[in-house]
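Structure first, then comments.
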Amino acid sequence: MAGLRAPGDPPFDVYLTGTVFLDIVFTGLDSAPVRGTESWARGMGSSPGGVANMAAALARLGLRTSLAAAFGDDHYGEYCWDALARGEGIDLTPSRTVRGWHSPVTVSMAYEGERTMISHGHEPPPEEPAPDCPPPARAAVASLAPGTRAPWIAQAARRGTRIFADVGWDDTGAWDLAGLADLEHCEAFLPNAEEAMRYTGASCPRAAAHALTAHVPLAVVTLGAEGAYAVDRRTGETAEVPAIEVEALDPTGAGDVFVAGFVTATLAGWPLADRLALAGLTAALSVQEFGGSLSAPGWSEIGAWWRRVQSVPGQNPTALHRYAFLDQVVPPRLDRPWPLRRAVPTIGFGRSA
């Protein structure tokens with residue numbers, strides 16, 4: 001990204017806002033917990049979660065990232081702030097610590113490639129950051145909520161910020177695209193297959209992606225184990241890239257990492273298929289580590305994967321060619337791995353003196 005920045009560009013590559021959770025993840029469960037029994041997990045990790053998953057993934061791909069969020073004034077909030085600001089280099093100038101408000105917590109249990117989550121937290125305080133005038137940025141990532149407008153999205157779009165949006169499950173059951181009012185300000189919309197089909201009424205996710213381009217210039221639909229499919233209304237271009245098969249340790253935050261990879265490659269001006277390929281690769285690498293935010297790969301991990309797969313005999317030449325663009329972007333070998341932080345069982349391990 002450094003080579004693409006020019007004098008006069010916004011100070012940040014990407015801006016986002018939301019709620020930071022402390023995630024406690026249990027892995028290595030053989031099945032879902034059974035009522036009335038005790039289950040032991042073979043692995044455990046703790047890391048910042050919620051919007052921190054996306055922020056860390058963007059920062060680890062080299063984007064200058066600014067985050068507006070509220071942090072509790074407890075040990076959890078202090079840990080999350082330190083992990084994001086000092087550990088990941090994320091700008092927290094729009095963020096604040098709120099006295100007397102404890103950090104939201106999510107416990108995630110991963111088994112059979114899926115996860116079950118239990119969260120606890122109170123309503124965020126009224127003064128939780130979601131500034132009406134976000135800092136100038138080349139792009140922003142927004143999570144759309146049915147029936148709700150976020151004023152900062154329109155304001156950022158008017159200033160030239162490119163808005164990339166995802167969406168959560170519609171608990172109302174309405175699945176009405178008109179309810180996603182801020183979609184009109186977005187350049188790209190990245191739902192999963194089930195969300196895309198419910199919002200459009202299409203019978204398959206690829207048809208849903210085409211239908212979504214009536215509402216947003218670029219639609220990207222994730223297809224789970226099948227990969228992802230995208231349609232760009234402006235160019236008429238379509239692209240589909242299969243998923244990379246990996247043994248998943250913890251899928252927490254994989255969707256956020258996918259979006260981060262796609263945003264990064266889009267800002268770099270890559271072809272649509274290469275953008276999907278990078279997004280899918282970063283998501284695949286992330287599920288092999290604990291947690292959400294601290295599982296996201298950096299360029300050294302991407303480069304290590306690319307060198308490794310090329311050295312394995314019997315690789316499909318067509319599959320290797322799909323990722324040949326990495327030859328131009330991965331860094332040379334590094335003396336030490338980066339990023340240095342991973343999720344650990346106990347908060348406090350690895351703290352700097």
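The values are calculated or read from the model by the stated rules, or taken from the named source; none is laboratory data. It should be emphasised that the depicted structure is a prediction, and the values quoted were computed from it without experimental measurement. Glycine gets a Cβ as well: all are built from the backbone with ideal geometry, and neighbour counts include every protein chain shown. Heavy atoms of the whole protein, side chains included, go into the accessibility calculation; ligands, DNA and RNA do not. Shrake-Rupley method; radii C 1.70, N 1.55, O 1.52, S 1.80 Å.
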task: Scan region 209-227 and give yes if some residue there is within 20 Å of W270 (Cα to Cα), touching a His at 6+ places or on another chain (Cβ under 7 Å) and open to solvent by less than 30 Å² (accessible area, probe 1.4 Å), otherwise no.
output: no
Output for region 187-221, where each listed residue is over 17 Å from the mean Cα position of the chain (by Cα) and in a strand (DSSP E or B): L218
- prompt: Any idea which residue in region 247-304 is farthest from Y229 (Cα to Cα), counting only those that are open to solvent by 10 Å² or more (accessible area, probe 1.4 Å), aromatic (F, W, Y) and in contact with a strand residue (DSSP E or B) (Cβ under 9 Å, 6 or more places away or on another chain)?
  reply: F290
statement: Scanning region 149-159 residue by residue, those modelled with pLDDT of 95 or more and either in a loop (DSSP other than H, G, I, E, B) or within 19 Å of the chain's Cα centre (by Cα) (or both) turn out to be I153
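Listed residues G28, G62, G18, G72; which is over 20 Å from the mean Cα position of the chain (by Cα), small (G, A, S) and open to solvent by 10 Å² or more (accessible area, probe 1.4 Å)?
From the options G28, G62, G18, G72, the qualifying one is G28.
Could you check region 23-54 and list, in sequence order, the residues that are of a type in the set (A, V, I, L, M, F, W, C) and over 15 Å from S95 (Cβ atoms)? Working first, answer last.
If we filter region 23-54 for residues that are of a type in the set (A, V, I, L, M, F, W, C), which is where we start, we get 24-26, 29, 32, 34, 40-41, 44, 51-52, 54.
The answer is I24, V25, F26, L29, A32, V34, W40, A41, M44.
Could you list, in sequence order, the residues of region 173-186 that are touching a residue at least 12 places away in the same chain (Cβ under 8 Å), in a helix (DSSP H, G or I) and surrounded by fewer than 16 Cβ atoms within 10 Å (Cβ to Cβ)?
As a first pass, look at region 173-186 and keep what is touching a residue at least 12 places away in the same chain (Cβ under 8 Å): 174-177, 179-186.
Those left that are additionally in a helix (DSSP H, G or I): 177, 179, 181-185.
Across region 173-186, the qualifying residue is only E184.
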- line: Checked against (1) modelled with pLDDT of 95 or more; (2) surrounded by 18 or more Cβ atoms within 10 Å (Cβ to Cβ); (3) of a type outside the set (S, T, Y), P146 satisfies every condition except (1)
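Before we move on, is H122 open to solvent by 20 Å² or more (accessible area, probe 1.4 Å), at pLDDT below 90, assigned to a loop (DSSP other than H, G, I, E, B) and under 30 Å from L29 (Cβ atoms)?
Criteria met by H122.
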- prompt: Which strands (runs of 3 or more DSSP E) does region 1-59 wholly contain that include 1 or more residues that are charged (D, E, K, R) and modelled with pLDDT under 95?
  reply: 20-27
- prompt: Can T97 be described as assigned to a strand (DSSP E or B), on the phi < 0 side of the Ramachandran plot and in contact (Cβ under 8 Å) with a residue 40 or more places away in the chain?
  reply: no
statement: For region 20-42, pairs from a residue that is among the basic types (K, R) to a residue that is assigned to a loop (DSSP other than H, G, I, E, B), with Cβ under 7 Å and 6 or more apart or across chains, are R42/G28
- request: Quick one: in region 125-143, of everything that is small (G, A, S) and open to solvent by 30 Å² or more (accessible area, probe 1.4 Å), which residue is modelled with the highest pLDDT?
  value: S143
field: Hits in region 59-80 - residues which are in contact (Cβ under 8 Å) with a residue 60 or more places away in the chain, out of contact with any Lys or Arg (no Cβ under 9 Å at 6 or more places or on another chain) and either of a type in the set (A, V, I, L, M) or closer than 12 Å to T17 by Cα (or both)
entry: L61, S66
query: Checking E112 against (1) touching a residue at least 60 places away in the same chain (Cβ under 8 Å); (2) under 30 Å from L29 (Cβ atoms); (3) surrounded by 14 or more Cβ atoms within 10 Å (Cβ to Cβ); (4) of a type in the set (D, E, K, R), which test does it fail?
result: (3)
